[in-house]
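Trainee: The following block contains the structure, expressed as structure tokens.
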Amino acid sequence: MISDLYAYLFLYYFFLIFSTIVITSYIILGIVSIFETISYFRRNSFVSYKSILASPFSPSISILAPCYNEGLNIVDNVRSLMSLHYVNYQVIIINDGSKDDSLERLIKVYNLETVKYPINPKIKTAQIRGIYKSKNPVFEKLIVIDKENGGKADALNAGLNFSNSEYVACIDVDCMLIEDALQKMVKPFLERTDKKVIATGGVIRIANNCRIENGKLMEVNMPKKLIERYQIIEYLRSFLLGRMAWSRLNGLLIISGAFGMFDRRVMIDAGGYDVNTVGEDMEIIVRMRKFMQDNNRKYKIAYIPDPLCWTEAPDNLKTLQLQRNRWTRGTIETLRKHRKLFMNPKYGYLGMLSYPYWLIYERLAPIVEVIGLLFLGYLYYLGALNWLYAWSFIIVAYLFSITFSMAAILSEELTYRQYTKKGDALKLLVVALIEPFTFHIFTLYSALRGNFDYYTKKKGKWGDMVRKGLGS
Amino acid sequence: MQEYYNDLISIYLSLPLLIQVIWVVIFIEILLILSSFINLNLIRRRYQYKIIEQQKLTDKYQEILINYIYFTEDEIEEKNKSTKLLKIAVKNKSDRKVIQDLILTLHNDLTGELAVFLETLYYDLGLVQYSLKKMNSPVWFIKIKGIREVTQMKVKDVYTETLMLINHKNQLLRSEAQLTMVKLYQFEGLKFLDTLQFPITEWQQILLIEEIQSIRNCEVPDLTNWLYSKNDSVICFSLKLVKLFNQIQMKEDLIKLVQHPSEKVRRTAIDILGYFRISEAKTILKQIFKKSVAETQLFIIQALSQLSDKKDIPFFEKQLNSSDFDIKQVAYDTLKDLKPFLVTINLNKE
């Protein structure tokens, strides 16, 4: 009986302390982010990007876009990538053994022919079947690498081997980049003199229901489905309130795989993408940071809050669940692979702050939350539940979630104002009100499924998401 | 009501301390949510109102300004009338802002006589004084706005004020001051390089070079002193100017700089030696090749590739065994040019 009481007290205080720390850290991150976003917005309102457009001193950039069964949209997506406003760049499409007619379509539309070209074999990849360039000088920026299927990371590595630019921009081919995306992403690399900028991440925005014509974003609209609107709030919170703060603290552990720019040499020296994880976007950042720290080099991972990359978000529960499952497994794999970093003072912020934060709040938080709910149910079953305490905790958590969402919406309103139509603010508010007991429960379930699948060794492949296509 | 309130307070005070704290937090959260929602709506309404009001003013003054710049000499009376009207309007803050923005936008799109008209009007309306006032503001972004305005309107008597900002602790401010020096005083403005204490970022160098490229009918200044600056970024920037203006006569200085302690300076100098095809540099480049890091080696081999002749074949053949692929590739490409029928290796084999 006494041991039951101790167990009860232990769990009670554990959840109390855990929740207090989570809420406090979110508040701190939120405040830092809001100030950082507004400061960035103000600083960059004076920047002219005109000069870099045509300068012979602009650094070279390769866009690496892996493609797997993207036949439906590949031609338009490539056209969009080739019309970006930058002087010194090439587009490298890596056809990762598509089973559809992606390659044939590219060959036909862009008048491609095979060329012989040496490829840096430093990172091992699946076999390259051929390299294609256009006969038409209008498409001279375009290079297509055709290879055996090896997964997204393997495809990116093939592109990395091929590129000889100073920087590589790794993107999902179905993402739509704003015309000046490259200018904005390359800027952080060129404006630091005290530290080497090794990577820049950008905000990912949801393009569902937006009007897109010829690969260009013409009009931003609020998505129609609730499931898509949930993700808007979620992305705003994550990108504007979370990552901005981590960028300020130079503690970013992830750059979205949908769009990120990297120093090519550092990326290769660090070993390129890991092909054995589904979370290659997080893993590469952790490894590049570790590489720089091991070599005692000062570095920075920058982050751009501008809405530069627009992507199609899952619009049904099945696809969304698969995506979240993959994210969870990716996080577990990366944290597990680099567990030596945990509380290791040798790695400074990375080991003492970023890694523990991700472990506790990203990796363990869903598990702790579910245990907490089960504990609550158990107490109810025993008839030992103190309703006053239970309701107080539930209300405080619920309101905190809404406060945090409101802060994200307000931050967006004060800076980039993408959702300007009448009624948009109200729609976002409604979503913020119902999200904690609807969408959040779903993401919790997906995270648990991810854990289950990871430990039972179930694997999902990339390309699982069925795309409808932007602008279609 | 008072009784009800007292009951609430006594219920609250009878709660355990932790629950009391939680309910304070709940109360704060409710306040935050409500104030966020009210603010959100206010911001949106204010923004829409501002847009509509600004559009009205823009439409009103745009017509006056466009007429003003296209008035002929016979319409002097109408012109004076417009000036008078604008002079009254600029006394009002919101009207002034719109007029100022309109003049600056129109000026951006015009050149020659019409642009000079607008510059004169900017003076006549006393808007220069407002820009100078902004320039003296303690707030950095207002200061930048002021600098931009005086620069665009070619207000040349701000040399000392601008020079004082060259070493300001705010990076954006000093960048803007540097650009203003070049925009207003052309090559003469580059004198800020003599006293610059902070590094010039790569980004800033690109912006400065773009401005410098637009300078017409001016003699390129002597860049020698800056090539020996204590500020490494000044050396790199000057080296880019050497390249931009084809200052090939400075080859001896360039050769000296390949032994500079700064890696960045060395790489920039090496790149230019290759670009100018200065064959005298070949010996020293080969000498420093071995003791350089891989990234610098790549710069050296690229430069040597531009300077190569048949005597260099053994050097490039040796580099085919380099562990760095990029170096190997340059060596391979160079050898292909030097002896096209003899290169048979497979570069993709490690």
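Trainee: Within region A:89-103, identify whether any single residue is touching a Pro at 6+ places or on another chain (Cβ under 6 Å) and either on the phi < 0 side of the Ramachandran plot or small (Gly, Ala, Ser) (or both), and answer yes or no.
Mentor: Yes: region A:89-103 contains one or more residues that are touching a Pro at 6+ places or on another chain (Cβ under 6 Å) and either on the phi < 0 side of the Ramachandran plot or small (Gly, Ala, Ser) (or both).
Trainee: Within the bounds of region B:271-280, is there any residue that is under 24 Å from the mean Cα position of the chain (by Cα) and assigned to a helix (DSSP H, G or I)?
Mentor: Here is the first cut: in region B:271-280, the residues under 24 Å from the mean Cα position of the chain (by Cα) are B:271-272.
Still in the running and assigned to a helix (DSSP H, G or I): B:271-272.
There is at least one residue in region B:271-280 that is under 24 Å from the mean Cα position of the chain (by Cα) and assigned to a helix (DSSP H, G or I).
Trainee: On the given criteria, is A:Ala302 touching a residue at least 60 places away in the same chain (Cβ under 8 Å), within 25 Å of A:Tyr357 (Cβ to Cβ), surrounded by 20 or more Cβ atoms within 10 Å (Cβ to Cβ) and not aromatic (Phe, Trp, Tyr)? Don't jump to the end; show me each part of the working.
Mentor: Details: touching a residue at least 60 places away in the same chain (Cβ under 8 Å): yes; within 25 Å of A:Tyr357 (Cβ to Cβ): yes; surrounded by 20 or more Cβ atoms within 10 Å (Cβ to Cβ): yes; not aromatic (Phe, Trp, Tyr): yes.
So A:Ala302 passes the test.
Trainee: For region B:169-182, which positions are surrounded by fewer than 21 Cβ atoms within 10 Å (Cβ to Cβ), in a helix (DSSP H, G or I) and more than 9 Å from chain A (Cβ to nearest Cβ)?
Mentor: Correct list: B:Leu173, B:Arg174.
Trainee: Follow-up. Just for region A:325-349: of the residues that are hydrophobic (A, V, I, L, M, F, W, C) and within 21 Å of A:Tyr445 (Cα to Cα), which one is nearest to the chain's Cα centre (by Cα)?
Mentor: A:Trp327
Trainee: Do we find a residue being open to solvent by 40 Å² or more (accessible area, probe 1.4 Å), outside any helix (DSSP H, G or I) and not charged (D, E, K, R) anywhere in region A:344-364?
Mentor: For region A:344-364, residues open to solvent by 40 Å² or more (accessible area, probe 1.4 Å), outside any helix (DSSP H, G or I) and not charged (D, E, K, R): present.
Trainee: Follow-up question, since we're still on this one. Which numbered condition in (1) closer than 18 Å to B:Ile327 by Cα; (2) not in a helix (DSSP H, G or I) is the only one that B:Leu285 fails?
Mentor: (2)
Trainee: Could you tell me whether region B:71-92 includes any residue that is among the aromatic types (Phe, Trp, Tyr) and either assigned to a helix (DSSP H, G or I) or within 14 Å of another protein chain (Cβ to nearest Cβ) (or both)?
Mentor: Taking region B:71-92 as the starting set, the residues that turn out to be among the aromatic types (Phe, Trp, Tyr) are B:71.
Those left that are additionally either assigned to a helix (DSSP H, G or I) or within 14 Å of another protein chain (Cβ to nearest Cβ) (or both): none.
No, region B:71-92 contains no residue that is among the aromatic types (Phe, Trp, Tyr) and either assigned to a helix (DSSP H, G or I) or within 14 Å of another protein chain (Cβ to nearest Cβ) (or both).
Trainee: Quickly run through region B:193-206 and pick out the residues that are at the interface with another protein chain (Cβ under 10 Å from one of its Cβ atoms) and open to solvent by 20 Å² or more (accessible area, probe 1.4 Å).
Mentor: So the first thing to find is which residues in region B:193-206 are at the interface with another protein chain (Cβ under 10 Å from one of its Cβ atoms), and the list is B:198-206.
The answer is B:Phe198, B:Pro199, B:Glu202.
Trainee: Can you name every residue in region A:174-213 that is in contact with a Gly (Cβ under 8 Å, 6 or more places away or on another chain), away from chain B (no Cβ under 14 Å) and either assigned to a strand (DSSP E or B) or surrounded by fewer than 19 Cβ atoms within 10 Å (Cβ to Cβ) (or both)?
Mentor: Across region A:174-213, the qualifying residues are A:Met176, A:Ala199, A:Gly201, A:Gly202, A:Arg211, A:Ile212, A:Glu213.
Trainee: Continuing with this model, one more query. Among the candidates A:Leu448, A:Leu426, A:Leu385, A:Leu410, which residue alone is at pLDDT below 95, open to solvent by 20 Å² or more (accessible area, probe 1.4 Å), assigned to a loop (DSSP other than H, G, I, E, B) and hydrophobic (A, V, I, L, M, F, W, C)?
Mentor: None of the others qualify; the one that does is A:Leu385.
Trainee: For A:Leu353, state whether it is under 24 Å from A:Phe14 (Cα atoms), at pLDDT below 90 and out of contact with any helix residue (DSSP H, G or I) (no Cβ under 8 Å at 6 or more places or on another chain).
Mentor: Answer is no for this residue.
Trainee: Can you tell me how many residues in region A:264-277 are within 22 Å of A:Val173 (Cβ to Cβ) and among the acidic types (Asp, Glu)?
Mentor: 1
Trainee: Please report, ordered by residue number, the helices (runs of 4 or more DSSP H) entirely within region B:111-168 with at least 1 residues that are within 14 Å of another protein chain (Cβ to nearest Cβ).
Mentor: Working: elements: B:112-124, B:127-135, B:140-152, B:159-164.
Correct list: B:127-135, B:140-152.
Trainee: Residues in region B:15-39 that are closer than 17 Å to A:Leu388 by Cα, open to solvent by less than 90 Å² (accessible area, probe 1.4 Å) and assigned to a helix (DSSP H, G or I): how many?
Mentor: 8
Trainee: Report those helices (runs of 4 or more DSSP H) wholly inside region A:62-173 carrying at least 3 residues which are within 14 Å of chain B (Cβ to nearest Cβ) and either open to solvent by less than 40 Å² (accessible area, probe 1.4 Å) or touching a residue at least 12 places away in the same chain (Cβ under 8 Å) (or both).
Mentor: A:152-162
Trainee: Quick check on region A:2-30: of everything there that is closer than 30 Å to A:Arg417 by Cα and touching a helix residue (DSSP H, G or I) at 6+ places or on another chain (Cβ under 8 Å), which residue is nearest to the other protein chains (Cβ to nearest Cβ)?
Mentor: Looking at residues that are closer than 30 Å to A:Arg417 by Cα and touching a helix residue (DSSP H, G or I) at 6+ places or on another chain (Cβ under 8 Å), I get A:Ile23.
Trainee: What number of residues within region A:235-261 satisfy the criterion of being in a helix (DSSP H, G or I) and over 21 Å from A:Ala432 (Cα atoms)?
Mentor: Summing the residues that are in a helix (DSSP H, G or I) and over 21 Å from A:Ala432 (Cα atoms) in region A:235-261 gives 4.
Trainee: With the checklist (1) more than 14 Å from chain B (Cβ to nearest Cβ); (2) free of Cβ contacts under 8 Å to residues at least 60 places away in the same chain; (3) not polar (S, T, N, Q) in hand, flag the one item A:Ile394 doesn't pass.
Mentor: (1)
Trainee: In addition: Within region A:34-61, which residues are in contact with a strand residue (DSSP E or B) (Cβ under 7 Å, 6 or more places away or on another chain) and either within 11 Å of chain B (Cβ to nearest Cβ) or of a type in the set (Asp, Glu) (or both)?
Mentor: Scanning region A:34-61 gives a single hit, A:Pro59.
Residues checked against (1) surrounded by 19 or more Cβ atoms within 10 Å (Cβ to Cβ); (2) of a type in the set (D, E, K, R); (3) closer than 30 Å to B:Gln178 by Cβ:
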residue: B:Lys56; (1), (2), (3): no, yes, no
residue: B:Thr72; (1), (2), (3): no, no, no
residue: B:Lys93; (1), (2), (3): no, yes, no
residue: B:Asn108; (1), (2), (3): no, no, yes
residue: B:Leu118; (1), (2), (3): yes, no, yes
residue: B:Ser137; (1), (2), (3): no, no, yes
residue: B:Lys156; (1), (2), (3): no, yes, yes
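Trainee: Return the residue satisfying two criteria in turn: it lies in region B:296-340 and is open to solvent by less than 20 Å² (accessible area, probe 1.4 Å) and of a type in the set (Gly, Ala, Ser), and of such residues it is farthest from A:Lys122 (Cα to Cα).
Mentor: That would be B:Ala303.
Trainee: If you don't mind, another one. Exactly one condition in (1) within 14 Å of chain A (Cβ to nearest Cβ); (2) farther than 14 Å from B:Ile272 by Cβ; (3) surrounded by 18 or more Cβ atoms within 10 Å (Cβ to Cβ) is false for B:Ser214; which is it?
Mentor: (3)
Trainee: Which of the residues belonging to region B:40-54 are more than 7 Å from every other protein chain (Cβ to nearest Cβ), open to solvent by less than 100 Å² (accessible area, probe 1.4 Å) and of a type in the set (D, E, K, R)?
Mentor: Matches in region B:40-54: B:Glu53 only.
Trainee: Condition (residue is at pLDDT 90 or above, open to solvent by less than 60 Å² (accessible area, probe 1.4 Å) and more than 8 Å from every other protein chain (Cβ to nearest Cβ)) applied to region B:4-13: is it met by at least one residue?
Mentor: The answer is no; no qualifying residue exists.
Trainee: With (1) in contact with a Pro (Cβ under 9 Å, 6 or more places away or on another chain); (2) farther than 19 Å from A:Lys50 by Cβ; (3) open to solvent by 10 Å² or more (accessible area, probe 1.4 Å); (4) of a type outside the set (Phe, Trp, Tyr) as the list, and B:Leu190 as the residue in question, which single condition is left unmet?
Mentor: (3) is the only condition that B:Leu190 fails.
Trainee: Tell me the residue from B:Gln302, B:Gln297 that is in a helix (DSSP H, G or I) and within 12 Å of chain A (Cβ to nearest Cβ), please.
Mentor: B:Gln302
Trainee: Given the conditions (1) under 30 Å from A:Glu333 (Cα atoms); (2) at pLDDT 90 or above; (3) among the acidic types (Asp, Glu), and given that A:Asp464 satisfies all but one, which numbered condition is not satisfied?
Mentor: (2) is the only condition that A:Asp464 fails.
The values are calculated or read from the model by the stated rules, or taken from the named source; none is laboratory data. Given the structure is predicted, the values throughout are model-derived calculations rather than measurements. Glycine gets a Cβ as well: all are built from the backbone with ideal geometry, and neighbour counts include every protein chain shown. To get the accessible areas, we keep the full protein, side chains included, count just its heavy atoms, and leave off ligands, DNA and RNA. Shrake-Rupley method; radii C 1.70, N 1.55, O 1.52, S 1.80 Å.
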